[in-house]
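The values are calculated or read from the model by the stated rules, or taken from the named source; none is laboratory data. Owing to the predicted nature of the structure, the values given are computational and were not obtained by experimental measurement. Reconstructed Cβ throughout: ideal geometry from the backbone, glycine too, with neighbour counts over all protein chains shown. We work out accessible area using only protein heavy atoms, side chains counted, and drop any ligands, DNA or RNA first. Shrake-Rupley method; radii C 1.70, N 1.55, O 1.52, S 1.80 Å.
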Amino acid sequence: MARRSERQPLWSGGWYRPARHAASPNFGPRPAGAEIDLIVVHSISLPPGQYGGTGVHDLFTNQLDWDAHPYYGQIRGLQVSSHFFVTRQGALWQYVDCDQRAWHAGPSHYRGRGACNDDSVGIELEGLEGCGFEAAQYAALRTLCTALTQRYPIRYLAGHEHIAPGRKHDPGAGFDWHALRSAFAGTGILLPPGTH
């Protein structure tokens, strides 16, 4: 077995090598001097509550057929992206280079700063806000968050609901923050107040 120093590095620029890659056109440059210190956890499924299809992938790559489902009429023309997407089976996709600004947070404010897209990494979990997530997703999330903390000066983990309270509610009550808290105990990384 090859030693770690002989293995291929985990990162190629801001692209995480273990992820499957599908570049989204929905991104832009981060502001000069942006310190990437926040990971934002989201949940998404398209159509809502239906898993395993291509809806999320198609949305992030601007290929969604707006007429394929009645719900899509409510989001017609939406151009969004996240850096990462984790399926129910734990498969990991990356859509935006982490050195770039993905369009996942919207109007937001956290740790004394607004415009969280500027200095955060967005991770979408396949799921429905308020519902539970799979063990494979937590395992993939912990591995990815660890890799991110090794590359960027991450100091905070939060949900979309914490950075846009009242406007967003994901990942919601079904998300087990303890699953992340135990993984990062003693690291100094701060999870949202009141999460267990």
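Could you check how many residues of region 84-109 are out of contact with any Asp or Glu (no Cβ under 8 Å at 6 or more places or on another chain), of a type outside the set (Val, Ile, Thr) and outside any strand (DSSP E or B)? The number of residues fulfilling the criteria is 10.
Pairs linking a residue in region 61-79 that is among the hydrophobic types (A, V, I, L, M, F, W, C) to a residue that is open to solvent by 70 Å² or more (accessible area, probe 1.4 Å) and modelled with pLDDT of 95 or more, with Cβ atoms under 7 Å and 6 or more positions apart or on different chains, are 66/76. Residue 62 passes every criterion in (1) outside any loop (DSSP other than H, G, I, E, B); (2) surrounded by 12 or more Cβ atoms within 10 Å (Cβ to Cβ) apart from (1).
Checking each residue in region 127-147 for being touching a strand residue (DSSP E or B) at 6+ places or on another chain (Cβ under 7 Å) and either open to solvent by 10 Å² or more (accessible area, probe 1.4 Å) or aliphatic (A, V, I, L, M) (or both) picks out 128, 129, 133, 140, 141, 144, 147. Considering region 93-126, the residues that are without any contact (Cβ under 8 Å) to a residue 40 or more places away in the chain and open to solvent by less than 40 Å² (accessible area, probe 1.4 Å) include one that is nearest to residue 79 (Cα to Cα), namely 117. For residue 46, the criteria (1) hydrophobic (A, V, I, L, M, F, W, C); (2) within 27 Å of residue 13 (Cβ to Cβ); (3) part of a loop (DSSP other than H, G, I, E, B); (4) out of contact with any strand residue (DSSP E or B) (no Cβ under 6 Å at 6 or more places or on another chain) hold in every case but one, which is (2). Residues of region 148-196 that are at pLDDT below 95 and either open to solvent by less than 10 Å² (accessible area, probe 1.4 Å) or part of a strand (DSSP E or B) (or both): 180, 190, 192. In region 23-38, the condition of being touching a His at 6+ places or on another chain (Cβ under 7 Å) and either part of a strand (DSSP E or B) or surrounded by 13 or more Cβ atoms within 10 Å (Cβ to Cβ) (or both) is met by no residue.
Pairing residues of region 21-36 that are among the aromatic types (Phe, Trp, Tyr) with residues that are open to solvent by 20 Å² or more (accessible area, probe 1.4 Å) and not in a loop (DSSP other than H, G, I, E, B), at Cβ distances under 8 Å and at least 6 apart in sequence or on separate chains, gives 27/100; 27/101.
When region 132-167 is filtered for residues that are touching a Gly at 6+ places or on another chain (Cβ under 6 Å) and in contact (Cβ under 8 Å) with a residue 60 or more places away in the chain, only 133 remains.
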